[in-house]
Amino acid sequence: MTASLKLRHLALAGLAVALVCGAGWYTRPDAWRPRAQTELLTHTVFAYRQWQSTGFYLNQGDRYTIRARGEWLYSPLVGKHGPTGGRPAPAFYPLPQASGGALIGRIGENGRPFYVGRRTSGLADAPGLLYLRINDDLLGDNAGQLTIEIEITPSSEDQ
């Protein structure tokens, strides 16, 4: 193979790589568009994990809104369901007043659990990180995840 032929093969290979890489960028304009702030506040909560930090620190009095969508499974007997849960929860679940498998939250390491479900809003009663999880005691047989959107409005004292 001559040097000229090798150079031509190399140029064609480079062109092919550039076209493949560039085609993804050119044919998917949403991949490079500016992102809205609310898109940056999207998280995933997994059914098989304990309390999961959202990374958001709330001061007392901050307003929060949490929205959830998706499906997960907390018991093979109940089947998949959304963030509102399935059957009534037994007394030993983290939040017995809510349905088993519901999305629940708390503020701070030792905060009181509260029901989130598909959507909830409230005021932080104490400072701390916002945590979310599934309302279940045994997480080993769980599957799936929920997509969570969080909006936080600082209290008037913080602004």
* **Residue in segment 14-35 that is within 18 Å of Glu151 (Cβ to Cβ), at pLDDT 95 or above and within 23 Å of the chain's Cα centre (by Cα) present** => no
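If you scan segment 73-82, which residues turn out to be of a type outside the set (A, V, I, L, M, F, W, C) and assigned to a strand (DSSP E or B)?
Within segment 73-82, the first condition is being of a type outside the set (A, V, I, L, M, F, W, C), and the residues that meet it are 74-76, 79-82.
The one that is of a type outside the set (A, V, I, L, M, F, W, C) and assigned to a strand (DSSP E or B): His81.
Going residue by residue through segment 144-153, is there one that turns out to be surrounded by fewer than 19 Cβ atoms within 10 Å (Cβ to Cβ), at negative phi and part of a loop (DSSP other than H, G, I, E, B)?
Within segment 144-153, the first condition is being surrounded by fewer than 19 Cβ atoms within 10 Å (Cβ to Cβ), and the residues that meet it are 144-145, 147, 149, 151-153.
Imposing the further condition that a residue be at negative phi reduces the set to 145, 147, 149, 151-153.
Keeping just the survivors that are part of a loop (DSSP other than H, G, I, E, B) gives none.
Scanning segment 144-153 turns up no residue that is surrounded by fewer than 19 Cβ atoms within 10 Å (Cβ to Cβ), at negative phi and part of a loop (DSSP other than H, G, I, E, B).
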* The listed residue being surrounded by 21 or more Cβ atoms within 10 Å (Cβ to Cβ), of a type outside the set (Asp, Glu) and assigned to a strand (DSSP E or B), out of Gly85, Gly70, Gly122, Gly105 -> Gly105
* Structure fact -> Every listed condition ((1) under 14 Å from Phe46 (Cα atoms); (2) in contact (Cβ under 8 Å) with a residue 60 or more places away in the chain; (3) surrounded by fewer than 16 Cβ atoms within 10 Å (Cβ to Cβ)) holds for Leu138 save (2)
* When only residues in segment 125-135 that are under 20 Å from Thr44 (Cβ atoms) and of a type outside the set (S, T, N, Q) count, which is surrounded by the most Cβ atoms within 10 Å (Cβ to Cβ)? -> Ile134
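The values are calculated or read from the model by the stated rules, or taken from the named source; none is laboratory data. The structure displayed is predicted, hence computed values, not measured ones. Glycine also receives a Cβ, built like all others from the backbone with ideal geometry; neighbour counts cover every protein chain displayed.
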